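Chemist: Just passing along the structure, written as structure tokens.
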Amino acid sequence: MARTAIAPTGVEKTFHPDQIIVSKTDRQGRLTYVNDLFVEISGYPEAELVGKPHNVIRHPDMPRSVFWLLWDRIGAGQEIFAYVMNLSADGSHYWVLAHVTPTFDATGSIVGYHSNRRTADATALAAVTALYQRLVTEERRHPNARDAVEAGCRLLEQELAEAGASYDEWVWSLNNGPVQAVAA
């Protein structure tokens, strides 16, 4: 299941708005549970998913800075809602609005993460893809992953500041109110 061998095709998959993709991971991001819809839309058999890093479905056009924000937030014990484009085994992609939360044990320690994902609103995706393309373009200008993430995070913070919103406020404005444009 070598992720690097999968070339994006540009074909988009969708799933019904009433369906939810569910996965659970350990603290290191290795999948411990995937529901039937995850298996179906990812195109991988369950046996090839469980125990593998969740990023097996990471699309190369997803900004590293958004994943840094996600991991920073959940690692601190907080939830996050984030738009994510994933890559299926056949090279197609699918957009989701992910709700990711830490899972705690009886002592309050984080033992893993839980993610529920719904279809992404088509109207919201226009704003999301525009921002994410700018972030990816900036990240690709840098020779190593660390510099790329730092540059992407700076640009994300700058664009959100210009919009007068946090990432959470921006995401929610795309779903629940007038869409806040992030600087072009």
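Chemist: Residue under question is Thr107, and the condition is that it be hydroxyl-bearing (Ser, Thr, Tyr), within 26 Å of Arg27 (Cα to Cα) and open to solvent by 20 Å² or more (accessible area, probe 1.4 Å); does it hold?
Modeler: So Thr107 passes the test.
Chemist: Starting from the stretch 99-127, keep only residues that are over 22 Å from Tyr33 (Cβ atoms) and touching a residue at least 40 places away in the same chain (Cβ under 8 Å), then list their pairs with residues that are in a loop (DSSP other than H, G, I, E, B) and open to solvent by 50 Å² or more (accessible area, probe 1.4 Å) whose Cβ atoms are within a distance under 9 Å, requiring at least 6 positions of separation or different chains.
Modeler: Thr123/Val179; Ala124/Val179; Ala127/Val179; Ala127/Gln180; Ala127/Ala181
Chemist: I'm trying to understand the selection: among the residues of the stretch 118-133, which are among the polar types (S, T, N, Q) and either within 11 Å of the chain's Cα centre (by Cα) or open to solvent by less than 20 Å² (accessible area, probe 1.4 Å) (or both)?
Modeler: Listed by number, the list is empty, since nothing qualifies.
Chemist: Within the stretch 5-20, which residues are among the charged types (D, E, K, R) and either surrounded by 15 or more Cβ atoms within 10 Å (Cβ to Cβ) or within 18 Å of the chain's Cα centre (by Cα) (or both)? Break it down stepwise before answering.
Modeler: Of the residues in the stretch 5-20, the ones among the charged types (D, E, K, R) are 12-13, 18.
Glu12, Lys13 - these are the residues of the stretch 5-20 that are among the charged types (D, E, K, R) and either surrounded by 15 or more Cβ atoms within 10 Å (Cβ to Cβ) or within 18 Å of the chain's Cα centre (by Cα) (or both).
Chemist: Within the stretch 96-144, restricting attention to residues that are part of a helix (DSSP H, G or I) and among the hydroxyl-bearing types (Ser, Thr, Tyr), which residue is farthest from His16 (Cα to Cα)?
Modeler: The first filter runs over the stretch 96-144 and keeps only residues part of a helix (DSSP H, G or I), leaving 122-140.
Checking which are among the hydroxyl-bearing types (Ser, Thr, Tyr) leaves us with 123, 129, 132, 137.
Working: Thr123: 16, Thr129: 21, Tyr132: 24, Thr137: 31 Å.
Among those that are part of a helix (DSSP H, G or I) and among the hydroxyl-bearing types (Ser, Thr, Tyr), it is Thr137.
Chemist: On to the next question. Go through the stretch 96-120 and give me each residue that's out of contact with any helix residue (DSSP H, G or I) (no Cβ under 6 Å at 6 or more places or on another chain) and either charged (D, E, K, R) or within 29 Å of Thr9 (Cα to Cα) (or both).
Modeler: The answer is Val96, Leu97, Ala98, His99, Asp105, His114, Ser115, Asn116, Arg117, Arg118, Thr119, Ala120.
Chemist: Going by the conditions given, is Glu79 out of contact with any Cys (no Cβ under 9 Å at 6 or more places or on another chain) and closer than 27 Å to Gly152 by Cα?
Modeler: yes
Chemist: Kindly evaluate Ser115 against the criterion of being over 18 Å from Ser65 (Cβ atoms) and crowded, with 18+ Cβ neighbours inside 10 Å. Steps first, answer last, please.
Modeler: On the way: over 18 Å from Ser65 (Cβ atoms): yes; crowded, with 18+ Cβ neighbours inside 10 Å: yes.
So Ser115 fits the description; yes.
Chemist: I'm trying to understand the selection: among the residues of the stretch 21-49, which are under 21 Å from Ile74 (Cα atoms) and open to solvent by 60 Å² or more (accessible area, probe 1.4 Å)?
Modeler: Hits for the stretch 21-49 are Lys24, Arg27, Gln28, Arg30, Thr32, Tyr33.
Chemist: A further question on this structure: Before we move on, is Gly152 in contact with a Pro (Cβ under 9 Å, 6 or more places away or on another chain), surrounded by fewer than 17 Cβ atoms within 10 Å (Cβ to Cβ) and among the small types (Gly, Ala, Ser)?
Modeler: In short, no.
The values are calculated or read from the model by the stated rules, or taken from the named source; none is laboratory data. Computed from a predicted model, the values in this text were never measured in an experiment. Backbone-built Cβ (ideal geometry, glycine too); neighbour counts: all protein chains shown. The accessibility values were calculated without ligands, DNA or RNA, using every heavy atom of the protein model including side chains. Shrake-Rupley method; radii C 1.70, N 1.55, O 1.52, S 1.80 Å.
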